[in-house]
Structures are given as C-alpha cells and as structure tokens.
Amino acid sequence: MDVFIDPPYLMDNLRACYEGTLLTAKKFICHIMNTATIAPNGDVLNCIHIRKPFGNILDAPFEEIWNSEAANTFRRQLLKNNLTPLCENCPFMSPAPRSVTRKIQSL
C-alpha cells in the first residue's frame, strides 16, 4: 500500500485541485518520468499509475524497450500535453520551473 503526503503545491492550488482544473492552471513536470517500473509479468512501464507497457523484458532487452521510439514519444507527448488527468493529484508531479516550461514548449 502506498501512503503519500500531499505535495506542498496542492495547498496553493487547492480549489483547482478539487475542481479538476489543476493542469489547465500551469505547466507541471513528473519527477519519476525517467524511472521505469517492471511489472511482475515483465512489462516495462513508464509510470506506476498510467501502466502503459512499452515491451516485455522476456521478449527484448530493457535498454531496447526503454529507449524505443514508442517510449520516447510517450514521454515527449506527456510533457507536451502537460501530463494526464491521472497525474493531477500524483505526489510525483510538481509545477515546472520557467526554464523547463520553455524547453517543453519547444518539443
């Protein structure tokens, strides 16, 4: 069971959080975007919550799966689209600094 303490930025944006409009208020980044999860069946996942598999380590080497065009495109789109509604209350999300926001806009 996962137990998380609400990230501090949620207190500053509590109304948007409850209204489900947090992601439209500002740009966010994911702190575990570059962290892989390997499911018990061998699937390589980018996120423990989104659970989108990019391949299986029983079929291909981890490096090949993690660096595949599908995985890289997913991560780029995730940033470009300001994450997903599933991400909105995730403790691994935080407001993006301006320097990162400029880089995301150039994707």
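The values are calculated or read from the model by the stated rules, or taken from the named source; none is laboratory data. Because the structure is a prediction, the values reported are computed rather than measured. Here Cβ is always computed from backbone atoms with ideal geometry, including for glycine, and neighbour counts include all displayed protein chains. Each accessible area value is taken on the protein alone, full model and side chains, heavy atoms only, with ligands, DNA and RNA left out. Shrake-Rupley method; radii C 1.70, N 1.55, O 1.52, S 1.80 Å.
Across region 78-106, which residue is modelled with the lowest pLDDT among those that are over 20 Å from Ala36 (Cβ atoms) and assigned to a loop (DSSP other than H, G, I, E, B)? So the residue we want is Ser106. Within the option set Ile48, Ile57, being of a type in the set (Val, Ile, Thr) and either at positive phi or surrounded by 15 or more Cβ atoms within 10 Å (Cβ to Cβ) (or both) holds for one residue only, Ile57. The C-beta contact set for region 52-77 (first residue farther than 15 Å from Thr35 by Cβ and assigned to a strand (DSSP E or B), second residue modelled with pLDDT of 95 or more and hydroxyl-bearing (Ser, Thr, Tyr), distance under 8 angstrom, 6+ apart or interchain) comprises Gly55/Ser68. In region 17-45, of all residues being part of a helix (DSSP H, G or I) and touching a helix residue (DSSP H, G or I) at 6+ places or on another chain (Cβ under 9 Å), the one that is least open to solvent (accessible area, probe 1.4 Å) corresponds to Leu22.
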